[in-house]
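Colleague: Got a structure here, written out as structure tokens. Questions coming.
Coordinate-derived values only; no laboratory data. Given the structure is predicted, the values throughout are model-derived calculations rather than measurements. Using ideal geometry, Cβ is built from the backbone for each residue, glycine included, and neighbour counts are taken over all protein chains shown.
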Amino acid sequence: MTALLAIQSVTVTRGRRELIAGLSMQVDAGCAMELRGANGSGKSTLLRCIAGLYPDYHGRIDTVDAAYVGHADGLSGLLTVEENLRWYGCLAGNEPTPSRIVDALGRLQAEELLRRPCRALSAGQRRRVALARLLLLERSLWLLDEPLTALDAQGAKLVGGLIAEHCGGGGAVLAATHADMPGTHAQTWIDGSTA
Amino acid sequence: MTALLAIQSVTVTRGRRELIAGLSMQVDAGCAMELRGANGSGKSTLLRCIAGLYPDYHGRIDTVDAAYVGHADGLSGLLTVEENLRWYGCLAGNEPTPSRIVDALGRLQAEELLRRPCRALSAGQRRRVALARLLLLERSLWLLDEPLTALDAQGAKLVGGLIAEHCGGGGAVLAATHADMPGTHAQTWIDGSTA
Amino acid sequence: MGMFRHQVVREWRLLLRARADALNPIIFLVLCVTLFAIALDGNPEALRRHAAGVFWVLVLLTNLLSLDSMFRRDFEDGTLEQLLLLSEVPFLPIVGKMLVQWLAAGALVVLVSPLLGTILQMRPEALVPLALALLAGTPAVSMLGAVGAALLVGVRRGGALLGLLTLPFYIPVLIFGTAAVNGLADGGGGMAQIYWLAAMSVLAVTLAPFAVWAALKISVENG
Amino acid sequence: MGMFRHQVVREWRLLLRARADALNPIIFLVLCVTLFAIALDGNPEALRRHAAGVFWVLVLLTNLLSLDSMFRRDFEDGTLEQLLLLSEVPFLPIVGKMLVQWLAAGALVVLVSPLLGTILQMRPEALVPLALALLAGTPAVSMLGAVGAALLVGVRRGGALLGLLTLPFYIPVLIFGTAAVNGLADGGGGMAQIYWLAAMSVLAVTLAPFAVWAALKISVENG
Amino acid sequence: MSWIKRLWHRLGSPRWFYEMMQPWQTGFGFAALVLLLIGTVWGLAFAPADYQQGNSFRIIYAHVPMVVLAQSAYMMLGAAGLVLLVWRMKLADVAMVAIVPVGATVTALGLFSGAVWGRPTWGTWWEWTDARLVSTLVLLFLYLGVYALREAIPRAESAGRACALLAVVGLVNIPIIKYSVEWWTTLHQGATFTVTKMAMPLEMAAPLIVNVLGAYCLFGYLVILNMRTEILRRERDTQWVGALREAQHGI
Ligand code: HEM
Ligand SMILES: Nc1ncnc2c1ncn2[C@@H]1O[C@H](COP(=O)(O)OP(=O)(O)OP(=O)(O)O)[C@@H](O)[C@H]1O
Ligand SMILES: Nc1ncnc2c1ncn2[C@@H]1O[C@H](COP(=O)(O)OP(=O)(O)OP(=O)(O)O)[C@@H](O)[C@H]1O
Ligand SMILES: [Mg+2]
Ligand SMILES: [Mg+2]
């Protein structure tokens, strides 16, 4: 088993507050890990540390290049869904064919949205598109921050399927969540209060 | 039983698309109604119609002045939680005392956040503050758009308690949601697909 | 009135909280004036002759900039829709917002205008008329601009469109303002223009809040 | 290179999609020029003498405005953090963005400069030097400004701070630019200044992308 | 007064307007053609040349109709805006959509013709000190503003009301602009050039009057045409437009 993510006694701070103290964890290929903790315990911050978007931590984080879906969806409201996804594919180095884009959206049952400007999507539709992006990026580690937000039951099930499939193919997932997620095998709890 | 909200054969459109066709429903005092439907079916849009923030509908909506919590939290990131809440109280016509603000936050176990700028809150913390605002406004009808978003299990339970209490006191709640909400009695489904 | 006081306090706090925001318009104006002084240097005589006009144009641009972001943040974080829903006395909170905008981009400009006028080589006898004209005219600038800003808040564009919308309304202010300063400094008439500016400001202050409220409603419904 | 092309296409689309956005800088510039023409009326001679300086200042202000919103939307909707994470070839997408900004606020300005120069009563023989100086100088303006914009994108402030930050870098451009136009139009020297402007632009174009990338990283980590 | 009420009620029906305006459109179009032809030929070929300006004065036959129309069109735009804001009549929105491009074009052409005329008579294309010139330019900016605002707002109803608001506020502004600019020029050293009110002999004025009337007819024609097109566009999903399409194209 190769570890796609190994965290060794990591301490994360926000200003002078210590959010996470001495956390160690590991996510192996094939593992879908839930990151759990109360509101404000530092889940989002930890995911950003791993992605390289938040630098205030000590300790060691070994990881591969990951795909990250944060609270913000990263979709330009003025571009259509297709344009957004195509651009992301190009950005990551491989321009997706139109059919690949449609396929990825189809996996989230959102293929009708293809030509809609992202500004005109509902919250759940936007989330689906953001998740469809994962399928175009071909990164083995997925970092997901509350991926089920705004998704309906059917959407949640689809995401569960995607996660299971990604892990089955040797990928790994670390997902911060409050809801019970389909498709995950393990949980890591971050201790913490609301503050 | 007085109806705090009565919708009679309302048809809601977005551009030339018909989202909701001929919906009729009623929310009486004491009733906590879930608004259910697939992603993109028009729940958020309907709530905005009721609140008076979206005008493209036909039919009749009779309602009292409502308090609305949408996808956007309505908190100014540069102001502290206390400043935000105090301002909202004043806006609605009664300046809350500091202790009332603390109480309202306390009901959501967020009183430690009092002096934190809203910009520096986690997603769930921000949601708690937005919900605490409801307690300061004294409106009998609450319109909630996915109120449980980003809340942890304990937060969801607290919200359930608030809703039950509000309805017990003669108020009413209409909440769009995908998760099972504690504290609600009834559901209305909006038919619709993802598109 | 309690509401109004609170609105003003809130806006003022917001302004101070985004620390430099309160000073933004003034800093911008100082920069512009400096750039002009540099670009036109070597010919103080010409600069002097045109200083009033240049100053008024720069005040208008400064206001455009400050107005452009006036409602944006509130729109984006959802505060604006709450404000429309919850406000007990409709126009009042808007008036508070507009007042604070004027304090930062109008009143403050009046205060520093003698200094900036001097940088622009204005004659000493033109400085009081300049302040007077600004005092009479900037409320109209703020109020009219706020209508445009409210119309455009959901539109996600830079200030250019706002400029296009407000320009026709600003031109009378520019003309009266320049004429007033030059007239008074030359010892000729000029008070008439000041009265005109003041009349426009009074008109704008009374009517603009309604237009802004209507415009904000349109923008929020559109978002 | 495919990536670069795509970045440019995306930026260009974004620009056109927010339809007027592409024309925003130009519209703004035209408005400013109009205001100046009105404010400085009655003395075409004086206007003519200063036109080059006025024009350069207005170009700088226009760029400030356009740069200010350059990264903002991408920052707010989370596109920027994705870009930093996903970009296969680091600086390339940024270069695409900067190129498009320059096209809208630099190249387009060069194209319409003869018209605007005429409005500002510039002599016909000054129009070619003006376009030349703008062509040589605006890349430096765009590139330097982009660094400032990248540093300030998370800071949620208006353009004033950006102005304060970039002003020291813009002053040489302003001085060389004005001198070049006036010198060439008078038949004296002026090419030396053009070369200087071009050298600054080349330097800025080579170095700025790195600085912008670093600045964006800082901003996103801060957000 | 019941017929007013009935008319008002009917104006709420786009279909009624579409069908009712068909003959008016034809009538205005025909009248415009005839009047403009007569006025132009008369003015260019038969009216006497000006004793000072020679033949260049003949631009008047294009210039004056256009600048007069430019202002009237804005009045109508503002009026339509007011109707939309107060009574929310959809037809007023359609009218605004129809008037703006025509008004803007006419204003631009008026500016252009004036500038072309200014070159031989005043020796300059443009003069920032002249009240009429500047206020016409501002009028153009008002039109462009209304146009750009509509373009900028995606939701059609919002766009309509926003434009109406702007147009109405602009209406208030027009006298202020005129007054400010006129006063301002008299304050500075006397305006170098002014558009003088020339007392014209009848044989010069008559073709002008004919052309002004023709221009109004052309305006009527274009606005009605635009309105009817816009109605078709907005009602494209309705049955009656479908039937119309079928009748015309057999699809
Ligand atoms: C760009 C330049 C010009 C503009 C914007 C302009 C604008 C106007 C305007 C706004 C009017 C008033 C229409 C009304 O009465 O409501 C007008 C009328 C007139 N203009 Fe011009 N004009 C321009 C150049 C000229 C020139 C060069 C001449 C001739 C020397 C001229 C001759 C006239 C005449 C004869 C009238 C109508 C008579 C009158 O109202 O007294 N215009 N123009
Ligand atoms: N600004 C907009 N312009 C045009 N269409 C929009 C806009 N916002 C939403 N829509 C469309 O309207 C429909 C209803 O959206 P709405 O946000 O009401 O859905 P919802 O039921 O709240 O969905 P979700 O569960 O995803 O939040 C969707 O199909 C969406 O694509
Ligand atoms: N920009 C910020 N500046 C300062 N403190 C912040 C900032 N963002 C978050 N915090 C604080 O850091 C802590 C952790 O925030 P984080 O967003 O990581 O929590 P979380 O576990 O994701 O919570 P949630 O379940 O609510 O999303 C919280 O206490 C929060 O108040
Ligand atoms: Mg979080
Ligand atoms: Mg929704």
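Colleague: For the protein assembly as shown, what does the helix formula give at 222 nm: sum of -39500 (n - 2.57) over DSSP H segments with n ≥ 4, over the residue count, nearest 500 deg cm²/dmol?
Modeller: Value at 222 nm, helices only: -21000 deg cm²/dmol.
Colleague: Can you give the angle from 0 to 90° between the axis of helix E:2-11 and the longest principal axis of chain E, with both taken from C-alpha atoms, to the nearest 10?
Modeller: Helix E:2-11 sits roughly 90 degrees off the main axis of chain E.
Colleague: Please get the size of the charge dipole for the protein assembly as shown, origin at its Cα centre, with Cβ charges of +1 on Lys and Arg and -1 on Asp and Glu, quoted in debye to the nearest 20.
Modeller: 980 debye
Colleague: Something else about it: Stretched out fully, how many nm does the piece from E:L7 to E:L225 gain, at 0.36 nm a residue minus the Cα gap?
Modeller: Stretched out fully, the E:L7 to E:L225 stretch lengthens by 76.4 nm.
Colleague: Pick out, from A:A176, A:L113, A:T188, the residue whose Cα sits farthest towards the positive end of the charge dipole of segment A:110-195, with +1 on the Cβ of Lys and Arg and -1 on the Cβ of Asp and Glu.
Modeller: Most positive-ward Cα: A:L113.
Colleague: Hey, another quick one. In peptide C:198-207, how many Cβ atoms from other protein chains are near each Cβ within 10 Å, on average? Don't skip to the answer; put the middle values down first.
Modeller: Working: counts 0, 1, 3, 0, 0, 2, 2, 0, 0, 2.
Per residue, the average neighbour count from other chains is 1.
Colleague: Mind putting a number on the dipole of segment C:2-218 about its Cα centre? Charges go on the C-beta only, +1 for Lys and Arg and -1 for Asp and Glu, and I need it in Debye to the nearest 20.
Modeller: Numbers: 14 positive and 12 negative charges, 52 e Å.
Value, rounded to 20: 240 debye.
Colleague: Across peptide E:210-216, what mean number of C-beta atoms from other chains lies inside 10 Å of a residue's C-beta?
Modeller: Mean number of neighbouring Cβ atoms from other chains: 0.
Colleague: Once label points are set 7 Å from the Cα along Cα→Cβ at both D:L203 and D:M191, what is their separation, rounded to one decimal in nm?
Modeller: Label at D:L203, label at D:M191, 2.2 nm between them.
Colleague: Let me confirm one metric for peptide E:4-12, namely the mean number of other chain beta-carbon atoms within 10 Å of its residues' beta-carbons.
Modeller: 0
Colleague: If you fit an axis through the alpha-carbon atoms of helix E:60-87 and take the longest principal axis of the Cα set of chain E, what angle between them do you get, 0 to 90°, nearest 10?
Modeller: The angle comes out near 40 degrees.
Colleague: Farthest toward the dipole's positive end in segment B:1-54, which of B:A29, B:G40, B:A51, given Cβ charges of +1 (Lys, Arg) and -1 (Asp, Glu) about the Cα centre?
Modeller: B:G40
Colleague: Grab the residue from chain C whose Cβ hugs the C-to-D rotation axis most tightly, plus its distance in whole angstrom.
Modeller: C:A46, 2
Colleague: Any idea what the dipole of segment E:57-232 comes to, in debye rounded to 20, about its Cα centre with Lys/Arg Cβ at +1 and Asp/Glu Cβ at -1?
Modeller: Dipole about the Cα centre, nearest 20: 220 debye.
Colleague: Same structure again: Which residue fluctuates the most in chain D, going by a Gaussian network model with Cα springs under 10 Å, if the choices are D:G188, D:G145, D:G177?
Modeller: The residue with the greatest mean-square fluctuation here is D:G188.
Colleague: Suppose each label sits 7 Å from its Cα in the direction of the beta carbon; what would the B:S99-D:V89 distance come out to in nanometres?
Modeller: According to this spin-label approximation, the distance is 6.7 nm.
Colleague: Between 0 and 90 degrees, rounded to the nearest ten: what's the tilt of helix E:90-122 against the longest Cα principal axis of chain E?
Modeller: Tilt of helix E:90-122: around 20 degrees.
Colleague: Which pairs break 30 Å Cα to Cα here: E:K5/E:K178; A:K43/B:K157; B:K43/E:K5; A:K43/C:K217?
Modeller: E:K5/E:K178; B:K43/E:K5; A:K43/C:K217
Colleague: Here's something else I'd like to know. Taking a cut-off of 18 Å between Cα atoms, list the aspartates and glutamates near C:K97, but don't count ones fewer than 8 places away on the same chain.
Modeller: Of all the aspartates and glutamates, those that pass the test against C:K97 - Cα under 18 Å, at least 8 places apart if same chain - are B:E83, C:E11, C:D21, C:D68, C:D74, C:E76, C:D77, C:E81, C:E88.
Colleague: In addition: Report, in order of residue number, the helices in chain C meeting two criteria: a C-alpha extent of 24 Å or more along the helix axis, and a mean Kyte-Doolittle hydropathy of at least 0.5; treat each whole DSSP H run as one helix.
Modeller: Helices meeting the criterion: C:44-68, C:124-152, C:159-185, C:191-222.
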